[in-house]
Amino acid sequence: MKHILNKNTQEVLQAAQKQCQQQGLRFTTKRSNVLQLMLNENKSLSAYDIMAEYKTQYNQSISAVSVYRMLDFLIHAQFVHKLISSSQYIVCSHITCHHAHEIPQLLICDTCHQVEEISIGKLLASELEANIAASGFKLQRQQLELHGVCISCQNLH
Ligand SMILES: [Zn+2]
Ligand SMILES: [Zn+2]
Ligand SMILES: [Zn+2]
């Protein structure tokens, strides 16, 4: 399923706030600020990028340790995905959606570093799972990261 995240930052933050209430999670101001910052940047960021941007946008220093803690929270709440291949973070495209989150397939452009999130269809996902189960392997993280060149970068050539 392909969805594009609503570009209205306030709406996304409100949806995140509501989901936290429903799940009994605390959406503190700092956590909300980090998510807002990532929405503003609209590309994948490292924890250190986030730390630097936080200082620029909110005029307040936060430690790397607290950035990692806030990112852990945002990942747990499924508002953010971590790109394992680059140790960077992106905002989930489905925060304002009402369907269950499917296995993310993250298309990473190596030219502009934009990441597009699409999902693996149920059929393919169950086939993958069956394949993996048959090999006896125990899967811990379900996420696919694919590197390439996005449509707008292809059009530049
Ligand atoms: Zn997602
Ligand atoms: Zn969606
Ligand atoms: Zn690109």
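Over the chain, what is the mean sequence separation of C-alpha contacts under 8 Å (at least six apart), divided by residue count, expressed as relative contact order in percent?
Computed value for the chain: 24 percent relative contact order.
Considering only protein heavy atoms and a 1.4 Å probe, what is the carbon-and-sulfur percentage of the accessible area of the stretch 1-55?
The C+S portion of the solvent-accessible surface of the stretch 1-55 is 45 percent.
First check a/c for the stretch 1-60, with a ≥ b ≥ c the square roots of the eigenvalues of its C-alpha gyration tensor; if it is under 1.5, answer rounded, and if not, answer prolate when a/b is larger than b/c or oblate otherwise.
It comes out oblate by the Cα gyration axes.
Using the Karplus curve 6.51 cos²θ - 1.76 cosθ + 1.60 with θ = phi - 60°, what ³J(HN,Hα) values do you get for each residue of the stretch 126-135, in whole Hz, with x for Gly and Pro?
Using θ = phi - 60°, the values come out as 6, 5, 4, 4, 5, 4, 5, 4, 5, 7 Hz.
Contour minus end-to-end for Glu127 and Lys43, with contour as 0.36 nm per residue of separation and end-to-end as the Cα-Cα distance?
Net length gain for the segment: 27.1 nm.
Under a GNM of the chain (C-alpha, springs under 10 Å), which listed residue has the highest mean-square fluctuation: Phe79, Phe137, Phe27?
Highest fluctuation of the listed residues: Phe137.
Does the stretch 24-93 come out rounded, prolate or oblate, given a ≥ b ≥ c as the square roots of the eigenvalues of its C-alpha gyration tensor, rounded meaning a/c under 1.5 and, failing that, prolate meaning a/b above b/c?
Taking the square roots of the gyration eigenvalues as a ≥ b ≥ c, the stretch 24-93 is rounded.
Can you show me the helix-derived [θ] at 222 nm for the chain, built from DSSP H runs with n ≥ 4 at -39,500 (n - 2.57) apiece and divided by the number of residues, rounded to the nearest 500.
Value at 222 nm, helices only: -14000 deg cm²/dmol.
Once you measure Cβ to Cβ distances between cysteines in the chain, which Cys have no partner under 4.7 Å?
So far as the 4.7 Å Cβ criterion goes, Cys20, Cys92, Cys97, Cys112, Cys153 stand without a partner in the chain.
Taking only Cα atoms and a 10 Å spring cutoff, compute GNM fluctuations for the chain and point out the largest among Ile132, Ile62, Ile118.
Ile132
Lysine pairs in the chain with alpha-carbon atoms under 28 Å apart, 8 or more places apart or on different chains: how many are there?
26
The values are calculated or read from the model by the stated rules, or taken from the named source; none is laboratory data. These numbers were taken from a predicted model, which means no experiment stands behind them. No Cβ is skipped: glycine too gets one built from the backbone with ideal geometry, and neighbour counts run over all protein chains shown. Please note that ligands, DNA and RNA were not included when accessible areas were found on the heavy atoms of the full protein model with its side chains. Shrake-Rupley method; radii C 1.70, N 1.55, O 1.52, S 1.80 Å.
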